[in-house]
Amino acid sequence: MRVGFIGLGRMGSGMAENLVRAGHELVVYNRSRAKAEALAKFGARVADSVAEACQAETVWTMLADDDAVQHIVQGENGLLASLAPGALHISSSTIGVALSQRMTEAHDARRQRFVAAPVFGRPEAAKAAALDVVVAGARDAIKSAAPLLDAIGKKTFVVAETPSTANLVKLSGNFLIAAAIESIGEAMALVSKGGVDKRQYLEILTSTLFDAPAYKTYGALIAESRFEPAGFAAPLGLKDVRLALAAAEDLRAPMPIASLLRDRFLTLLANGGEALDWSAIGSLAAWEAGVGEVGGLPHRPEAPAVRTK
């Protein structure tokens, strides 16, 4: 299948590489051309513009946020203006529900097809074609997208015919991951101040009550203070929590924990954590307890262990 791929960050580059490996004819575009040229060695052709990448039956976008998506999709000579009637746009960007709804309407007006296909998984999963894909859109569009989705993921979940539903599921999932990160960090700060080794504590957790990928992956990052290079940068974590809160406000669904998480991300970013992985919010509790450091936050003296009764 001829595919245009736009957005070659740490996630998009792995996804695009797997599409080429699966035998698809790929044309790639990225604002930073060097990232696109890195795909040429796998057989992809580098486009000089968004419009050139859109001269295909399917165009796939994997972009950082709502602003980037709107610029690529709605800008002059952008995706909407360049994609032919009947052609398919697959969007794997984590974006707001409202933007997804607007894009659906815009594509419909031009008789273009649109599928929302956000993914769960970090860059290493994208590289290994092991992402979990949440898909929503018209049945015929999803059927057309299926061979491509199979090339980048290990499982596809079709949730609805309305594309924005997939975005809502994705945002809710990222909210839960952020909540797990905060909870792990608070628990580790507690036991660490009580004299328990964080790595041993993580082994206990993930071997008993919390044998789950989120606890294993993010628990290890927190225990080892391994926040660079960022697999998913902290500003993107803040963005996703804000988008979840916006969707919750529209649906009149209170999310008090999401409000707390927003403030945790703001604390991290306000103190120099811009370049850190979003899991760094899990170290804030230890910093506040005086038993750890994180990002650019000022050092606090090491606190003595407290003997428990």
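The values are calculated or read from the model by the stated rules, or taken from the named source; none is laboratory data. Remember, it's a predicted structure, so these values are computed and weren't measured experimentally. Ideal geometry is used to build each Cβ from the backbone, glycine not excepted, and the neighbour counts take in all protein chains shown.
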Can you find even one residue in the range 171-182 that is hydroxyl-bearing (Ser, Thr, Tyr) and within 30 Å of GLU105 (Cα to Cα)? yes
Any residue at all in the range 150-162 that is of a type in the set (A, V, I, L, M, F, W, C), under 19 Å from GLY12 (Cα atoms) and outside the structural domain of LEU261 (by TED's automatic domain parsing)? yes
If I go through the range 31-71 residue by residue, how many of them are buried (at least 17 other Cβ atoms within 10 Å of the Cβ), in contact (Cβ under 8 Å) with a residue 40 or more places away in the chain and in a loop (DSSP other than H, G, I, E, B)? 7
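Quick grid of which residues meet (1) in contact with an Asp or Glu (Cβ under 9 Å, 6 or more places away or on another chain); (2) closer than 18 Å to ASN167 by Cα:
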| site | (1), (2) |
| --- | --- |
| VAL69 | no, yes |
| GLU76 | no, no |
| ALA84 | yes, no |
| ILE90 | no, yes |
| GLN101 | no, yes |
| THR104 | no, yes |
| ALA117 | no, yes |
Out of the residues in the range 1-22 that are surrounded by fewer than 24 Cβ atoms within 10 Å (Cβ to Cβ) and farther than 23 Å from GLU124 by Cβ, state the one that is modelled with the lowest pLDDT. MET1
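Among the listed residues ALA244, ALA230, which satisfies the condition of being surrounded by 20 or more Cβ atoms within 10 Å (Cβ to Cβ) and part of a helix (DSSP H, G or I)? Don't jump to the end; show me each part of the working.
Details: ALA230 fails: part of a helix (DSSP H, G or I).
Just one listed residue meets the conditions, ALA244.
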Output the number of residues of the range 184-221 satisfying the condition of being of a type in the set (Gly, Ala, Ser), under 23 Å from GLU124 (Cβ atoms) and surrounded by 15 or more Cβ atoms within 10 Å (Cβ to Cβ). 4
The range 28-69, residues that are closer than 29 Å to LEU171 by Cα and in contact with a Phe, Trp or Tyr (Cβ under 7 Å, 6 or more places away or on another chain): VAL28, ALA36, VAL50, ALA53, TRP60
